[in-house]
1. Go through (1) more than 21 Å from TRP144 (Cα to Cα); (2) at pLDDT below 95; (3) touching a Phe, Trp or Tyr at 6+ places or on another chain (Cβ under 6 Å) and name the single condition LEU102 misses.
2. Of these, GLU83, GLU103, which one is touching a strand residue (DSSP E or B) at 6+ places or on another chain (Cβ under 9 Å), in a strand (DSSP E or B) and within 19 Å of ARG421 (Cβ to Cβ)?
3. Could you list, ordered by first residue, the pairs with Cβ atoms under 9 Å in which the first is in the stretch 149-174 and touching a residue at least 60 places away in the same chain (Cβ under 8 Å) and the second is crowded, with 18+ Cβ neighbours inside 10 Å and of a type in the set (A, V, I, L, M), at least 6 apart or interchain?
4. Take the conditions free of Cβ contacts under 8 Å to residues at least 60 places away in the same chain, under 27 Å from VAL293 (Cβ atoms) and among the hydrophobic types (A, V, I, L, M, F, W, C) and apply them to LEU343. Does it pass?
5. Answer yes or no as to whether ASP96 is at pLDDT below 95 and in a strand (DSSP E or B).
6. Being at pLDDT below 95 and either surrounded by 15 or more Cβ atoms within 10 Å (Cβ to Cβ) or hydroxyl-bearing (Ser, Thr, Tyr) (or both) is the filter here, so list the residues in the stretch 77-90 that pass it.
7. Of these, ASP138, ASP118, which one is among the acidic types (Asp, Glu), touching a residue at least 24 places away in the same chain (Cβ under 8 Å) and surrounded by 18 or more Cβ atoms within 10 Å (Cβ to Cβ)?
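The values are calculated or read from the model by the stated rules, or taken from the named source; none is laboratory data. Everything numeric here is computed off the predicted structure, so don't read it as measured data. Virtual Cβ from ideal backbone geometry, glycine too; neighbours counted across all protein chains shown.
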Amino acid sequence: MNTAGDRISDRTPRGKLLGKVLTVLVLAAVMIPSAGWGQEIHGFIEGLNGVRLTEGGGFDEGSYTARETRFQLRLNDYGDTGEYFARLDYFFDSFDDRGGDLEIREAYFTYTGFGAVDFKIGRQITTWGTGDLLFINDVFPKDWQSFFIGREDQYLKAPMDVFRAGVYSGLFDINVIAMPRFEPDRLPTPDRLTFYNPMNMPIIPVEPENNLDKGEIAIRLSRQISGWEAALYGYRGYFRQPVGFNTTSQQTFYPRLNVYGASLRRGLLGGVFNLEGGYYDSRDDQDGDNPFVENSTLRGMAGFDRQLMTDLQLGLQGYFEQMQNHDLYAGGIQPGAYEKEELRQLYTMRLTRWLKYQTIMLSLFTFYSPTDEDFYVRANASYKLSDPMEVSLGANLFGGEYEQTLFGQFEDNDNVYLRLRYSF
């Protein structure tokens, strides 16, 4: 994972964003008939505080990694031919000089009046693939900073503006997603976390032009085959992280990317087994001879999840990335520089235990790479004090032999956090 400074476009200024919210609500009111429709309003108020367990990178032990208050409102209006859904977050973040800020997490309209065809248009969060916190054919944007500082897991998935069409037939279910506006991953920023930065200066990547000609498109074909959930995937767009460097302009950028993949999932041996693979075709370095652009890779994973006993769940996964044309990559790097392995391996384990009539949940999720020689541990304990009130205590622990690896670069960012949420 490459890291970068804050993207100014991640959050629109409040005035413009409020205008967008009002526009979406007005359109929904016009498009959705009131008679026969059901309305739901839910949400939560949450406080999050996180502090460091280690010092390094200019940060003191005990300094904050998170200090925020968040109010989320979910609006849902539905009927026989469609649905309108909005998820809005208003939050106060001590790391944000603007104070309070508003983000549209989701705001979309779904129309199902055509029978076997439906449409969904608006700001959405999309999830594809079979992995548990591992992604191959889920090529949609992620928020890694939220993931590493203790925000709820839902914030790992970043929203984007999407037009989705679904066709459901006896042969295949087809989903097509068009994304006219590129949304990169939201990466850790130096005001919260310390990480490897070979440039020793703020990284401000050049983004692809936001027009229809250079937009992204993804397609998924799925069906049941002899008890297996099978799917084929295709994607044409860009890497979500700035893994390209232009030696002329001395700027990082998001190289063009094609992804071709498949997945299988079914019940097996008292649990659920999944298998997934994909080929990442780096269109700006298909020969693999440009050391400043990410090489193409072949990626695969297998996972198994089952209940060991009442209220005890175990999930295991194995993942690999095989770099294509590794010999050309190795020949192009500087002598003495860190060299990526041709075959990267990563293993995960999720262990979940529920107690006291499932009002207490203990969760442990570990990542370990024997090739990168690094690890990441996510531990969490949550207690439902009442139906609306929940408290969560957790930790993020990192380690590694090399500062250039995915988790090794965050070694000085061990943190603990406390979340208190009231839902309504």
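1. (1)
2. Working: GLU83 fails: within 19 Å of ARG421 (Cβ to Cβ).
Only one candidate passes the filter, namely GLU103.
3. ILE149/LEU48; ILE149/ALA66; ILE149/LEU193; GLY150/LEU48; GLY150/ALA66; ARG151/LEU48; ARG151/ALA66; GLU152/LEU48
4. Working: free of Cβ contacts under 8 Å to residues at least 60 places away in the same chain: yes; under 27 Å from VAL293 (Cβ atoms): yes; among the hydrophobic types (A, V, I, L, M, F, W, C): yes.
Against the criterion (free of Cβ contacts under 8 Å to residues at least 60 places away in the same chain, under 27 Å from VAL293 (Cβ atoms) and among the hydrophobic types (A, V, I, L, M, F, W, C)), LEU343 qualifies.
5. Working: at pLDDT below 95: yes; in a strand (DSSP E or B): no.
Taking the combined requirement at face value, the residue does not satisfy it.
6. Correct list: ASP77, TYR78, GLY79, THR81, GLY82, GLU83, TYR84.
7. Checking each option against the conditions leaves just ASP118.
So that you can scan it fast, the table gives a plain yes or no per residue for (1) free of Cβ contacts under 8 Å to residues at least 40 places away in the same chain; (2) among the β-branched types (Val, Ile, Thr); (3) not in a loop (DSSP other than H, G, I, E, B):
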{"position": "GLN286", "(1), (2), (3)": "yes, no, no"}
{"position": "ARG299", "(1), (2), (3)": "no, no, yes"}
{"position": "GLY303", "(1), (2), (3)": "no, no, yes"}
{"position": "GLY331", "(1), (2), (3)": "yes, no, yes"}
{"position": "GLN334", "(1), (2), (3)": "yes, no, no"}
{"position": "TYR338", "(1), (2), (3)": "no, no, no"}
{"position": "ARG353", "(1), (2), (3)": "no, no, yes"}
